[in-house]
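The values are calculated or read from the model by the stated rules, or taken from the named source; none is laboratory data. These figures come from a predicted structure and were not determined experimentally. Positions of Cβ are generated from backbone atoms using ideal geometry, with glycine treated the same way; all protein chains shown enter the neighbour counts.
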Amino acid sequence: DDAEEILSAKPLQQPEQWQNDLVNWLISKPNGYFSDKVLWTKTEMGYNMHAAEDIPKDTTLMIIPQAALITSDGTDEECITISKMMKEYEKGEASEFYPYIRYLFGGHEGGTSTGLLPTTWSEPAKDLLKQMVGTDLYPQKFEKSQKRILVDCQQFIDRKELESMSKETAQKWQDAFIFWVSRSWSDKMVPILDMINHRNGKWLNVESTTAHSGQDIRVYALRDIKKGEQLWNTYNECLDEDCNYGRIKYSYITQHILMDYGFVEAYPRRFIFHVDAKGTDRNNKQFLVVEIDEDPEDPTKRTFEWHFRKPTDAQLHWIYNQLSRLKDMEFTMEEGLKALPDGHEKDTILAFYLAYREAFQLAMVHKDDDVSDNTFYPELPDEHEEEHDHEHEEEHDEEDDEEEDGDEL
Ligand SMILES: C[S@@+](CC[C@H](N)C(=O)[O-])C[C@H]1O[C@@H](n2cnc3c(N)ncnc32)[C@H](O)[C@@H]1O
């Protein structure tokens, strides 16, 4: 039904020239492949892809050869990936990555650039988000966590270049950093696979082999996909080493996706309530993790689950207080939103406010429910048991000392 709705609402878009160029570039590389069962589309989420016909489970949708990736040359140093993007940008049409670089830096509407992530929002928008989260909700101190790319990566930039850099070039570095945050697979930029948007739950329909094996990346149908269905990847239910073999699912959630990708995910959503059993300590890691989804029987209704543990009385008290605080600030939110121009910042803050309110509201309604049976927290493969468990978050939120720790859930 979803598929039919999408089809009738929006005719599948014929590729634009730059999309054709990008696909032609991909398939010109040894092993490069792009299925003719996939069509590009543009939605309010920027560019994306749809199934042009029914696609059976396991069908290969794309193969992205290693030669098409922009990497850190095995160093795991994002500054190298970012400076390589800049070098390719500066080469213009002579770049071997030109069709990809042209898309990234092209300022396409809906693409990912400065202005998308909360750290790069306007001051009034950041202020409103700060007011909304108050002292207790994540993200905290987010306005300070914007990486100063030219400072942090200075050892990777030619000194002369740095000294005489124009404002425009400095901005391109900042943009390249945002591309890395919102599109990379760890240290690697993966063209075309990075055009697929995120949604978990029953929507998720695309999977791929890892970018880190040195092999070409095979992108395939995770399940049967109906004609017209949007292709959905997952940004936090990935199963490879970057995602700690599936474990980041409960520690890198809706609030982090907002910070790193600039959108409030649709259902299912998971929230972490940063409050310990005594209701006071935000550094103790015994937090609450909740999941909200559409009710399969009636999509206008919601399901709610407690993962790992149920709230103590003190935690419930905290939830009640947060809900009251958010309700009480409705007028402030309305006024704050009115003062922002229509567009991404305004829509996103409102969506986040409503999402948090709903999460607290449902937590109160379901306060006596048992802990979920559906929590899926995979064992680490033997050889990785000793590894630290929250590399992924550290990578994205280095300066956020409020970050929760996956292995202490
Ligand atoms: C890896 S890119 C995906 C391709 C992107 N839509 C484009 O036009 O280039 C990630 C960005 O896509 C958008 N996006 C992905 N999934 C989304 C979703 N479920 N809802 C809204 N925006 C989404 C966000 O802007 C995010 O930062």
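Among 70, 63, which is under 24 Å from residue 227 (Cβ atoms), surrounded by 15 or more Cβ atoms within 10 Å (Cβ to Cβ) and not aromatic (Phe, Trp, Tyr)?
One residue alone meets the criteria, 63.
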- Message: I'm trying to understand the selection: among the residues of the stretch 39-60, which are within 15 Å of the ligand (Cβ to nearest atom) and not small (Gly, Ala, Ser)?
- Response: 39, 40, 41, 42, 43, 44, 45, 47, 48, 49, 50
- Which members of the stretch 294-347 meet the condition of being within 25 Å of the chain's Cα centre (by Cα), assigned to a helix (DSSP H, G or I) and surrounded by fewer than 16 Cβ atoms within 10 Å (Cβ to Cβ)? 347
- Name, by its number, the condition in (1) under 24 Å from residue 182 (Cα atoms); (2) modelled with pLDDT of 85 or more that does not hold for residue 43. (2)
- Query: If we scan the stretch 126-143, do we find a residue that is of a type outside the set (D, E, K, R) and farther than 28 Å from residue 287 by Cα?
  - Reply: no
- Scanning the stretch 350-369 residue by residue, those surrounded by fewer than 17 Cβ atoms within 10 Å (Cβ to Cβ) and outside any helix (DSSP H, G or I) turn out to be 367, 368, 369
- Message: Please verify whether residue 267 is within 21 Å of the chain's Cα centre (by Cα), within 16 Å of the ligand (Cβ to nearest atom) and surrounded by 17 or more Cβ atoms within 10 Å (Cβ to Cβ), treating the condition exactly as stated.
- Response: yes
- Can you tell me which residue among 149, 178, 192 is in contact (Cβ under 8 Å) with a residue 40 or more places away in the chain, among the hydrophobic types (A, V, I, L, M, F, W, C), more than 16 Å from the ligand (Cβ to nearest atom) and crowded, with 20+ Cβ neighbours inside 10 Å? 149
- Query: If you check every pair at least six apart or on different chains, which have Cβ atoms under 8 Å apart with a residue in the stretch 52-79 that is small (Gly, Ala, Ser) first and a residue that is in a strand (DSSP E or B) second?
  - Reply: 52/38; 52/39; 72/188
- Scanning the stretch 228-264 residue by residue, those of a type in the set (D, E, K, R), outside any helix (DSSP H, G or I) and either modelled with pLDDT of 95 or more or within 15 Å of the ligand (Cβ to nearest atom) (or both) turn out to be 229, 237
- Message: When you scan the stretch 275-283, do you find a residue that is under 29 Å from residue 379 (Cβ atoms), polar (S, T, N, Q) and buried (at least 16 other Cβ atoms within 10 Å of the Cβ), even just one?
- Response: no
- Any idea which residue in the stretch 195-208 is surrounded by the fewest Cβ atoms within 10 Å (Cβ to Cβ), counting only those that are assigned to a strand (DSSP E or B) and within 11 Å of the ligand (Cβ to nearest atom)? 198
- Message: Looking at (1) surrounded by fewer than 21 Cβ atoms within 10 Å (Cβ to Cβ); (2) under 25 Å from the mean Cα position of the chain (by Cα); (3) more than 9 Å from the ligand (Cβ to nearest atom), which one does residue 169 not meet, given that it meets all the others?
- Response: (2)
- Of the residues in the stretch 271-284, those that are closer than 30 Å to residue 183 by Cβ and in contact with a helix residue (DSSP H, G or I) (Cβ under 6 Å, 6 or more places away or on another chain) number 1
- Just one of the numbered conditions (1) within 16 Å of the ligand (Cβ to nearest atom); (2) under 26 Å from residue 116 (Cα atoms) is not true of residue 294; which one? (2)
- Message: Given the criterion under 21 Å from the mean Cα position of the chain (by Cα), modelled with pLDDT under 95 and more than 16 Å from the ligand (Cβ to nearest atom), identify the matching residue among 76, 36.
- Response: 76
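Restricting the stretch 314-332 to residues that are without any contact (Cβ under 8 Å) to a residue 12 or more places away in the chain and not hydrophobic (A, V, I, L, M, F, W, C), which is farthest from residue 369 (Cα to Cα)? First the steps, then the outcome.
Within the stretch 314-332, the subset without any contact (Cβ under 8 Å) to a residue 12 or more places away in the chain is 321, 324, 328, 330-331.
Next, from what is left, pick out any that are not hydrophobic (A, V, I, L, M, F, W, C): 321, 324, 328, 330.
Values: 321: 20, 324: 21, 328: 27, 330: 28 Å.
Going through the qualifying residues, I end up with 330.
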